[in-house]
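Taken together, the values in this text are just the output of simple stated rules run on the coordinates, not laboratory data. Not measured: the values here are computed from a predicted model. Reconstructed Cβ throughout: ideal geometry from the backbone, glycine too, with neighbour counts over all protein chains shown.
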Amino acid sequence: MAIDECKYSFTQLAYKVLPDYMKKLRNNMENPMPMSKFAENGKGVASILREYNIPQDFKGCYVLIRNKRSIYVGISQRVFNRLLQHVLGKTHFDASLAYRIAAQKCPHKMTRFRVMKDQKFLEYFNAAKRYIRGLKAAFIEVDNPLELYLFEAYCAMELDTSKHNTFETH
């Protein structure tokens, strides 16, 4: 029985579909978008989509890149909106990568809610968002939910983004 109307078997996903997505993503990684685009004053998702001639935000997978090395893989129902959250988000939900980077540099035993009120931690959090603004992003559309979730893990392993990616729930 199909999950989320995925028309492929696991074997087809593992040996054909996911590698094909990876090939497309690697191709897009040759010409990534600067994350700084998402921090420009007066620019929102709609204007960035227009600038890149993309008709609308989309469900898919993205990779953040520093000096041609992949550092983070994510998925979203609206990829461009998610990229904007990474650089402008104010909470540990919105800017989860910035939170993770800050927590690595400033370990704590507080709850996420509480630490986001701690001035010292916020300095690390804001520095992490500035760091993310200096990265680049590549992305592909993946419409089927099952394919998207499996591809995120496949891509994170293939690109070795283990420093910042985790699939542990909290």
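Of Ala14, Ile3, Ile75, which is farthest towards the positive pole of the chain's charge dipole, taken about the Cα centre with +1 and -1 on the beta-carbons of Lys, Arg and Asp, Glu respectively?
The residue sitting most towards the positive pole is Ile75.
With r defined as the distance between the Cβ atoms of Thr111 and Arg69 and R0 fixed at 35 Å, what FRET efficiency is calculated, to the nearest 0.05?
0.60
Treating the angle as unsigned and between 0 and 90°, give the value, to the nearest 10°, between the Cα long axis of helix 18-29 and the longest Cα principal axis of the chain.
Between helix and principal axis, roughly 50 degrees.
At Arg100 and Arg78, where each label point lies 7 Å from the Cα along Cα→Cβ, what is the point-to-point distance in nanometres?
Output for this residue pair reads 2.2 nm.
How big is the charge dipole of the chain about its Cα centre, in debye rounded to the nearest 20, if each Lys and Arg gets +1 on its Cβ and each Asp and Glu gets -1 on its Cβ?
820 debye
State, to one decimal in nm², a quarter of the convex hull surface area for the C-alpha atoms of the chain, i.e. the direction-averaged projected area.
If you wrap the Cα atoms of the chain in a convex hull and average its projections, you get 10.7 nm².
Run the numbers on region 1-149 and let me know its relative contact order in percent, using alpha-carbon pairs under 8 Å that are six or more apart.
35 percent
For the chain, what is the mean residue ellipticity at 222 nm derived from helices alone (per DSSP H run of n ≥ 4: -39500 (n - 2.57); sum divided by total residues; nearest 500 deg cm²/dmol)?
-12500 deg cm²/dmol
How large is ³J(HN,Hα), in whole Hz, for each residue of region 54-68 in order, when computed from phi with the Karplus curve 6.51 cos²θ - 1.76 cosθ + 1.60 and θ = phi - 60°, using x for Gly and Pro?
So the J values, rounded to whole Hz, are 10, x, 7, 5, 8, 7, x, 10, 9, 10, 9, 10, 10, 6, 6.
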